[in-house]
Amino acid sequence: MPLKALIIASHNAGKVREIDALLAPFSFSVRSASELNIIEPEETGSTFAQNAALKAEHCALAAGAAALADDSGLEVAALNGAPGIYSARWAGPDQDFAIAMARIEDKLAQVDAGNPPDRRANFICALALAIPGQKTQIFEGRIDGTLCWPPRGTRGFGYDPVFQPLGFDQTFAQMDQDKKHAMSHRAEAFEKLLAAKPWD
């Protein structure tokens, strides 16, 4: 039976907006975990895929409906892939990403990674679709770029103001958000999900 309703397993307003925009062309009834007062589970996985599956399955069980979860983050080459799966946690309990971006800048200075070639980074996104009674499916996307300071732009969310994708002269936070949605790590993961047609 075709899927008609989908729960976005997230309390992150920026992430919910992006996923909602990607789902806009489809006739889903979309709600978020925060709207349904579903508490987010502790992220105990060691990979983005594991954490995405954990969140999707928790939400699907709580709502009794299909749930789509995203686990994504920033990996910085000079920091051996940090913050990685801890990207949100680096922002602290108040999710203040100005603090997280300053922390990355400080750590790059500590390892003498002050030049653009030393500031290679990438975003990773793992989407997990959990449909009751079916095996959870995972779809992953990636985008490479460099980090820049000071932060530039006021659009987007998270680390977007310091991430400049390869081949572009703007950060994610400076871009028109439709442009970002079309080429981001989340968009790539979403394209793979659509190609699989898991809800047909």
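Readers should treat all values here as calculations from the given coordinates under stated rules, not as data from a laboratory. It should be emphasised that the depicted structure is a prediction, and the values quoted were computed from it without experimental measurement. Positions of Cβ are generated from backbone atoms using ideal geometry, with glycine treated the same way; all protein chains shown enter the neighbour counts.
Figures for the structure shown
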read-out: Which of 52, 77, 99, positive extreme of dipole for segment 1-107 (C-beta unit charges); value: 52
read-out: Whole-Å semi-axes of the ellipsoid equivalent to segment 96-200 (Cα gyration tensor, √5λ, descending); value: 30, 15, 12
read-out: For the chain, share of DSSP beta bridges that run antiparallel, in % to the nearest 5; value: 80
read-out: Net dipole in debye of the chain [+1 Lys, Arg Cβ; -1 Asp, Glu Cβ; about Cα centre; nearest 20]; value: 320
read-out: Angle in degrees between helix 13-23 and the longest Cα principal axis of the chain, rounded to the nearest 10; value: 60
read-out: Out-of-range pairs (alpha-carbon distance over 32 Å; input 15/107; 107/197; 107/192); value: 107/197; 107/192
read-out: Segment 73-142, relative contact order [Cα under 8 Å, separation at least 6], %; value: 29
read-out: Cα-Cα P(r), the chain, percent of pairs per 10 Å interval; value: 9, 37, 35, 16, 4, 0
read-out: Computed [θ] at 222 nm, deg cm²/dmol, the chain (DSSP H ≥ 4; -39,500 (n - 2.57); rounded to nearest 500); value: -9500 deg cm²/dmol
